[in-house]
Amino acid sequence: MVVRSWIYTSAASKDRGKADILGSEDLMRPPRLILASGSPRRRQLLEQLSLTFEVQPSDVDERLLSGEGPAEAAERLARAKAQHRAEEGCLALGCDTLVLHGDAVLGKPDSARHAAAMLERLSGDEHMVYTGIALASPDRVNSAVEATRVWFRHLSASECVEYAATGEPLDKAGAYGIQGFGAAIVDRIEGDYFNVMGLPIRRLLQLLEAFGWRYAFGSLQPAGRAPDD
């Protein structure tokens, strides 16, 4: 499998230049951030934070293990994805999102017909969205799981087919994207909105701090450094 890699640098990041480097060139420069996912939504959220990162999707078997719950599976897969892309001098970010409806774990649909069937199943009911998130260096991995409860409004069979036909549900757990056309089928949520998009930002910031880095609104700074230092 050929894996392509992209580097994203926001305009704000470019303008900062050397101002982002605090003290020692080697010791104080933030690590390279690698997004071990090809998800456009996760890429969008990191860009929204004006962070510089590379995209290197992980090639990991996403099948669930026997008897594995959705939270456990999401965290295990996130850790595996992050560790697969961990390199010296970098932090690799891995994520995995799963949907639980009743006793059934829903991943990504494999066709528009499958997506429509998932949507009919979720119509007028609640489900849970679990996202595992992990940061890894070559010798360490930290991880967490975020859970959000989501309610769908009642959908007709034709609405499910119509939404599935847009193609938006095909690469998403549970067959919908809350940030896109899927916003029209969600009644309400309880918990982290960004978790439903696939990247719980609050958890990401906690994991960065565990590695010694603080989000400074557009850049990463050493966690022990005061904003005015």
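Quick note: the coordinates plus some simple rules give every number you see, no bench work behind them. Everything numeric in this text was worked out from a predicted model, so none of it was measured. Here Cβ is always computed from backbone atoms with ideal geometry, including for glycine, and neighbour counts include all displayed protein chains.
So here's what we get for this one:
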read-out: Selection within segment 57-72 - crowded, with 20+ Cβ neighbours inside 10 Å and either closer than 16 Å to LEU135 by Cα or in contact with a Cys (Cβ under 9 Å, 6 or more places away or on another chain) (or both); value: SER58
read-out: Matching residues in segment 127-178 - criterion: being part of a helix (DSSP H, G or I) and surrounded by fewer than 18 Cβ atoms within 10 Å (Cβ to Cβ); value: ALA157, SER158, GLU159, VAL161, GLU162, GLU168, LEU170, ASP171
read-out: Filter result for GLY218 (among the small types (Gly, Ala, Ser), at positive phi and not in a strand (DSSP E or B)); value: yes
read-out: Cβ pairs under 7 Å, 6+ apart, first in segment 151-166 and under 17 Å from GLY180 (Cα atoms), second of a type in the set (Lys, Arg); value: TRP151/ARG188
read-out: Unmet criterion (only one of (1) closer than 19 Å to ASP171 by Cβ; (2) buried (at least 23 other Cβ atoms within 10 Å of the Cβ)) for GLY107; value: (2)
read-out: In segment 191-215, the residues that are in contact with an Asp or Glu (Cβ under 9 Å, 6 or more places away or on another chain) and either among the acidic types (Asp, Glu) or assigned to a strand (DSSP E or B) (or both); value: ASP192, TYR215
read-out: Count - residues of segment 88-116 that are outside any strand (DSSP E or B), small (Gly, Ala, Ser) and free of Cβ contacts under 8 Å to residues at least 40 places away in the same chain; value: 1
read-out: Among residues of segment 207-224, those that are surrounded by 15 or more Cβ atoms within 10 Å (Cβ to Cβ) and under 12 Å from ALA134 (Cα atoms), counted; value: 3
